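This report concerns only the one structure given below.
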Amino acid sequence: MFCPLNPVAGSAQESAHKPEVPVDKWAKKTILLIGAHADDDAMSHGTLAMLQAHGNQIYIVTLTTGNVGTQDPNLSRTQLAEIRRQEELAALAELGIPGEHYINLGYDDGLLEFEDRKALVEKLVRLIRTIRPDVLFAFDPGKRYQRWHKSDHRTAAYLAADAARAAMWRLLFEGQIIQDGLKEYMIPEYMFYDGAREDENVWVDISEFVEKRINGGRKIRQPIWTGLE
């Protein structure tokens, strides 16, 4: 089984090309995935399981709590958010990713585009400058035009891209550098997913990790899940 990804090198964003080292050969890299919801990383579960098994460090950042996606009148937003969190932690455990590498920024599901964009980018910049990833995984923001996504996915795609750019400039959010001792940082490589088929140029063989992908997906596909995400 193969998982499609759209890689873009940080030094050549105008023309996507394959990574110099094949993804299935990556080791000792730090990988940061930014998504909108607690199951957005599921599209890459096979690849993430493989990378974790090969000795890479993986961090998952979820922007919302997933606290809206149900039609069950007996579930509150707080209850649903906790369910989604526990589902995500269980899924990551199946992939071998430690729970302390899961970060949730706590925004409301379905309303991400209406949040304070500057504050949100600043939070992501702080995480990028702290974690200093070798690779950023995120929704494909599109190439020269706006890609269609569900609202939260589209917003997450642009927030991830904007934060990655901002993190490299020391005078943007300079308080993080002057007061907190962080350093500006440019992410070397980007792996975008859920993009247009014509932009896919790398397929990752996850044949040995299909079971982990399936088991991880089962942890987050509870009856409460709906198409809102």
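Taken together, the values in this text are just the output of simple stated rules run on the coordinates, not laboratory data. In this text the structure is predicted, and so the values were computed from the model without any measurement. Here Cβ is always computed from backbone atoms with ideal geometry, including for glycine, and neighbour counts include all displayed protein chains.
Tabulated data for the structure shown
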quantity	calculated
Positive-end residue, the chain charge dipole about Cα centroid, Cβ charges, pick of T130, T64, N201	T130
Sequence-distant residues sharing a close amide H with T30 (under 5 Å, placed H)	Q57, D134, V135
Antiparallel %, DSSP beta bridges [both residues in the chain], to 5	30 percent
Cut-off under 5 Å, modelled amide H: who pairs with N104 long-range	T62
Formal net charge of residues neighbouring R170 (Cβ-Cβ distance under 9 Å; K, R +1; D, E -1)	-1
Flagged links, alpha-carbon separation over 23 Å, of K28/K212; K29/K212; K118/K150; K123/K212; K29/K183	K123/K212
